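Okay, so here's the structure we're looking at.
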Amino acid sequence: MTTNDIINPANLVYAKPSVLNDVPMHYCPGCTHGVIHKLIGEIIGEMGFQEKTIGIAPVGCAVFAYKYLDIDWQQAAHGRAPALATAVKRLLPDRLVFTYQGDGDLAAIGTAETIHACNRGENIAIIFINNGIYGMTGGQMAPTTLHGMKSSTSPNGRTVPLNGYPLDITKLLAQLDGTCYVTRQSAHTVASVRKTKKAIQKAFENSMLGKGTSIVEVVSTCNSGWKLSPADSNTWMVENMFPAYPLGDLKDI
Amino acid sequence: MNNKKKDTEEVRLMKGNEAIAHAAIRCGCDGYFGYPITPQSEIMETLMELEPWNTTGMVVLQAESETASINMVYGGAGCGKKSMTSSSSPGVSLMQEGISYLAGAELPAVIVNVMRGGPGLGTIQPSQADYFQTVKGGGHGDYKMITLAPASVQEMADHTVMAFDLAFKYLTPVMILADGVIGQMMEKVVLPPFQPRLTEEEIKIKCPWATLGKPANRKPNYIYSLQLEAEEMEDLNLRLQSRYRTIEKNEVLFEEFDCEDAEYLIVAFGTSARVCQKAVEMARAQGIKAGLLRPITLFPFPTEQISHYANQTKGMLTVEMSAGQMVEDVRLAVNGRVPVEFYGRMGGIVPSPDDVFEALKKLIVK
Amino acid sequence: MAKVKGAIVVNVERCKGCNLCVVACPSKVLLLNNEANSKGYNYSYMADPDSCVGCSACAYVCPDACITVYRVKL
Ligand SMILES: Cc1ncc(C[n+]2csc(CCOP(=O)(O)OP(=O)(O)O)c2C)c(N)n1
Ligand code: SF4
């Protein structure tokens, strides 16, 4: 059987989800944001939730998420996505409401909004892309930047006296009574992509079931900010990010 | 509450802050998000007491900060829902980024500022020193906010209803700029009749841009204010500016006392205007032909009307509870034709009618 | 065990040549093309199509959703 024979709709096993439209994404080659957008598109399509979903985009590299996923979107001020999501979900309780946020957005400028939305147990899902750096503004230090990690504002590596400690905000959020599902995943291998998809799906289901706030952190790469190739970024992430941000469920009730 | 009166007007005695809460529920407000600060906390307290979620379905939420409140308002407004917040000066300072986003995303919202004295933490006493912040754009970028300046408890109620109407008519944030006196004082007020909240079907028609979830037969709706292309950003600005010109043409509101034959005109808004009305009466009793023009909208400003009086009067006096902010707009309207003097008190002090009358007499001597 | 054979189609214009699919492929089917697409990216292609088993590993990790996968049982 030739390749051309195999390429036939009857044999299709994997394709771009239709919720993810044809607009080329602006992300750097190899960026984790793309994988997670694709998963969100797949999940919303499979759940049949396109009509019911309102996404809240952040300020960060994902600011244009609304251009790629064909659902209704609001684009929040930097860090305020959980506040928008709170209002949207309370005013439209039967909708699926999720935020999509980077580490600067969620764990620096928006820490208060994140913690309080989680503490109120807002019935929203929070997708948290932790790439340990400010991607959009050109690779500055984030609250999640690792010890010794170089960034444009920690050019000689992050140090505790100057910058304090990397913030494991997900661990903190798991302590709050308002959260029902807190998990940390990645998206660098087939297995991890599959697991992250399951996690996001569960978070979305929780939002609809009114169980409280779900947080799916995805330990991610920012190869531009890290100044590594996409493949080397994955290796670096496994060796350096995973020890600081271990994968797995932190809470599931 | 007497159920029979549900859809009718109702006469009550209450504080200005309470009137806002009652009027919000009655005009079909969908969501209130706020953070406590004196002298306006009664707005949220009244709402929590009234529990409108059990009657009209209105959402009321105490947020973690004014930053969160204004962004919750943004979220609600993006869904085409009548959304509002209230605060006092320091809190409104914290909201400025969010207000600019509301303007940039062309969203309808109502913000109440029951002003107190500043700068800094300032005082809990009344003030009008946030005029510049409100009408000159406290946040970033070229935007304007329709600004209503109530001078009575009745207007606190009326302006709440009007603010939502204007916000949805022009897709812009609208500010109710009150001060601690009007927020705290009790007066008789006719509360507006009950209006049901809009259904989702009604919102879809009235606000086709609202993010309610994308049905198969329409494109996704996005609420955003980011334009990376300079030309597109300028297009948005041009659209906003032309809307502001329309607002200036159609929505100017003011009230006049004894202006027809006035030789001396006092211009004052809110609490100051109440004081000035007394001063005008004192002047008239002594044979001085004084009048009062009270701007009700601060943006759009009654420039034309003030300009008109510049041709008939010998001088004007602007009275504010600030170091003199609106006076600049009065001077722009007058454009040097007659002297425009200023009298004001700061730090939470309300001028007395005697003080104003003295200031007026000084203008006459000049 | 039934033998399977696969094939992929790369959306050449969407591909940014990040190479993650090349690394992910367990059968070493893929490579980046010497030719670039209109944006200047060296897009990926099946250099060894006969080895493809249609496992979709490349498509799973592709950040730009440019890979469509087909598979047949022989
Ligand atoms: C109030 C405000 N402060 C700062 C910025 C500039 N800014 C834009 S994105 C960003 C950081 C984004 O980093 P992160 O949230 O980690 O997302 P990433 O780009 O890495 O995906 C900053 C500081 C802004 N837009 N608004
Ligand atoms: S800068 Fe980093 S986070 Fe942003 S698109 Fe590029 S790789 Fe992704």
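Could you work out the relative contact order of chain C? I mean the mean sequence separation of Cα pairs under 8 Å and 6+ apart, divided by the number of residues, in percent.
Numbers: 146 pairs, mean separation 34.1, N = 74.
The normalised contact order for chain C reaches 46 percent.
If we count other beta carbons within 10 Å of each Cβ, what is the order of A:K150, A:K198, B:K219, A:K89, fewest first?
Working: A:K150 18, A:K198 14, B:K219 8, A:K89 25.
Going from sparsest to densest Cβ surroundings: B:K219, A:K198, A:K150, A:K89.
Estimate the FRET efficiency between B:Q286 and A:L172 by the formula 1/(1 + (r/R0)^6), using the beta-carbon distance for r and 60 Å for R0, to the nearest 0.05. List each step's numbers first, then the result.
On the way: r = 69 Å, r/R0 = 1.15.
My answer for the efficiency is 0.30.
What average count of beta carbons from other chains do you get within 10 Å of the Cβ of residues in A:114-120?
On the way: counts 0, 1, 4, 4, 0, 1, 4.
The per-residue average across the peptide is 2.
Enumerate the amide H contacts of A:M136 below 5 Å, restricted to partners 5 or more residues apart or on another chain; note that Pro and chain-start residues carry no placed amide H.
Result for A:M136 returns A:C61.
Among residues other than A:N240 whose Cβ falls under 13 Å from its Cβ, what is the net charge (Lys/Arg +1, Asp/Glu -1)? Mind showing how you got there, number by number?
Details: positive: A:K150, A:R158; negative: A:D232, A:E239.
Result for the local shell: 0.
For q = 0.12, 0.14, 0.15, 0.16 Å⁻¹, what log10 I(q)/I(0) does the range B:9-201 give under the Debye formula with an equal point scatterer on each alpha carbon and no solvent?
-0.48, -0.67, -0.78, -0.90
Using alpha carbons only, how many angstrom separate the centre of the range B:12-31 from the centre of the range A:34-81?
Each part reduced to its Cα centre gives a spacing of 36 Å.
Per residue of A:213-222, how many C-beta atoms from partner chains lie within 10 Å of its own C-beta, taken as a mean?
Details: counts 0, 0, 0, 0, 0, 0, 0, 0, 2, 0.
The per-residue average across the peptide is 0.
What does the charge add up to near A:E42, with Lys and Arg as +1, Asp and Glu as -1, over the other residues with Cβ less than 12 Å from its Cβ?
Numbers: positive: A:K16, A:K38, A:R194, A:K197, A:K198; negative: A:E46.
Overall, the nearby charge balance is +4.
Quick one: what are the phi-derived ³J(HN,Hα) couplings along the range A:216-230, Karplus 6.51/-1.76/1.60 with θ = phi - 60°, whole Hz, x for glycine and proline?
Values per residue, Gly and Pro as x: 10, 7, 10, 5, 10, 10, 10, 5, 5, x, 7, 6, 9, 5, x Hz.
What relative contact order, as a whole-number percentage, does the range B:255-365 give when Cα pairs under 8 Å and 6 or more residues apart are counted?
Taking the mean separation of contacting Cα pairs over the length of the range B:255-365, I get 30 percent.
Going by amide H atoms built from the backbone, whose H comes under 5 Å of the H on B:I349, apart from near neighbours?
Result for B:I349 returns nothing.
To the nearest whole number, what is the average tally of beta carbon atoms from other chains within 10 Å of the beta carbons of peptide A:242-250?
On the way: counts 0, 0, 0, 0, 0, 0, 0, 0, 0.
The mean count of partner-chain Cβ atoms within 10 Å per residue comes to 0.
Taking Rh as the Kirkwood radius computed over C-alpha pairs, what is the Stokes-Einstein D of the range A:46-147 at 25 °C in a medium of viscosity 0.890 mPa s, expressed in µm² per second? Working shown, then result.
Numbers: Rh = 13.7 Å.
After rounding, the answer is 179 µm²/s.
When DSSP assigns beta bridges and you keep just the ones with both residues in the range B:9-201, what percent turn out antiparallel, to the nearest 5? Let's see the in-between values first.
Numbers: 7 of 27 bridges.
Counting DSSP beta bridges with both partners in the range B:9-201, the antiparallel share is about 25 percent.
Within 10 Å of each residue's Cβ, count the other Cβ atoms and sort B:L292, A:L12, A:L106, A:L92 from fewest upward.
Details: B:L292 29, A:L12 13, A:L106 33, A:L92 20.
Fewest to most other Cβ atoms nearby, the residues stand as A:L12, A:L92, B:L292, A:L106.
Can you tell me what the convex hull of the Cα atoms of chain B projects to on average, as an area in nm²? Numbers along the way, then the final one.
Working: hull surface 77.5 nm².
Reported value for the Cα convex hull: 19.4 nm².
Shape verdict for the range A:191-240, please, from the Cα gyration tensor: rounded (a/c under 1.5), prolate (a/b greater than b/c) or oblate. Don't skip to the end; give the middle numbers.
Working: a/c = 3.85, a/b = 2.75, b/c = 1.40.
Because a/c hits 1.5 or more and a/b exceeds b/c, the range A:191-240 counts as prolate.
Tell me, what HN-Hα J-couplings in whole Hz come from the Karplus equation 6.51 cos²θ - 1.76 cosθ + 1.60 at θ = phi - 60° for each residue of the range B:226-241, using x for Gly and Pro?
Result, ordered by residue: 8, 9, 7, 7, 4, 5, 5, 5, 5, 4, 4, 4, 5, 4, 5, 4 Hz.
Let me confirm the definition first: pairs of Lys residues in the range B:9-201, 8 or more apart or on different chains, C-alpha distance under 25 Å. How many are there?
Counting lysine pairs in the range B:9-201 gives 10.
Could you tell me what % of all Cα pairs in the range B:255-365 have separations over 16 Å?
On the way: 3098 of 6105 pairs.
Of all Cα-Cα distances in the range B:255-365, 51 percent exceed 16 Å.
Where does the range A:160-234 land on Rg(C-alpha)/(2.2 N^0.38 Å)? Numbers along the way, then the final one.
Details: Rg = 15.2 Å, N = 75, 2.2 N^0.38 = 11.3 Å.
In units of the globular-protein estimate, the range A:160-234 measures up at 1.34.
Could you run the Karplus curve 6.51 cos²θ - 1.76 cosθ + 1.60 with θ = phi - 60° over the range B:115-128 and give me ³J(HN,Hα) per residue in whole Hz, x for Gly and Pro?
Running phi through 6.51 cos²θ - 1.76 cosθ + 1.60 with θ = phi - 60° gives 5, 10, x, x, x, x, 5, x, 9, 8, 6, x, 7, 10 Hz.
Lysines within cross-link reach of C:K16: Cα-Cα under 20 Å, excluding same-chain residues under 8 positions apart?
The reachable lysines, counting only those whose Cα sits under 20 Å from C:K16, are A:K16, A:K38, A:K67, A:K227, C:K28, C:K39.
Amide H neighbours of B:F342 under 5 Å, counting only residues 5+ apart in sequence or on other chains, H built in-plane at 1.01 Å?
Distant-sequence amide H within range of B:F342: B:T318.
Suppose we take every Cα in chain C and form the convex hull; what volume per residue is that in Å³?
Numbers: hull volume 5.4 nm³, N = 74.
Residue-normalised Cα hull volume stands at 72 Å³.
Report Rg(Cα)/(2.2 N^0.38 Å) for the protein assembly as shown, keeping two decimals. Can you show the working numbers first?
Values: Rg = 29.8 Å, N = 693, 2.2 N^0.38 = 26.4 Å.
So the Cα radius of gyration is 1.13 times the expected 2.2 N^0.38 Å.
Give me the net charge for the shell around C:S27: Cβ to Cβ below 12 angstrom, other residues only, Lys and Arg +1, Asp and Glu -1.
0
Using only DSSP helix segments of four residues or longer, with each worth -39500 (n - 2.57), what per-residue ellipticity at 222 nm results for chain A after dividing by its residue count and rounding to 500? Don't jump to the answer; show the numbers that get you there.
Working: 10 runs with 86 residues, N = 253.
That comes out to -9500 deg cm²/dmol.
Taking the highest mean first, how do the peptides A:72-80, B:97-105, B:233-241, B:182-190 order by number of other beta carbon atoms within 10 angstrom per residue? Each step should come with its number before you reach the end.
Numbers: A:72-80: 26.4, B:97-105: 24.0, B:233-241: 13.8, B:182-190: 19.2.
The most tightly packed comes first, giving A:72-80, B:97-105, B:182-190, B:233-241.
Bear in mind these aren't lab numbers, they're just calculated from the coordinates by the rules spelled out. Remember, predicted model here, so these are calculated numbers, not experimental data. With ideal geometry, Cβ positions are generated from the backbone for all residues, glycine too; neighbour counts draw on all protein chains shown.
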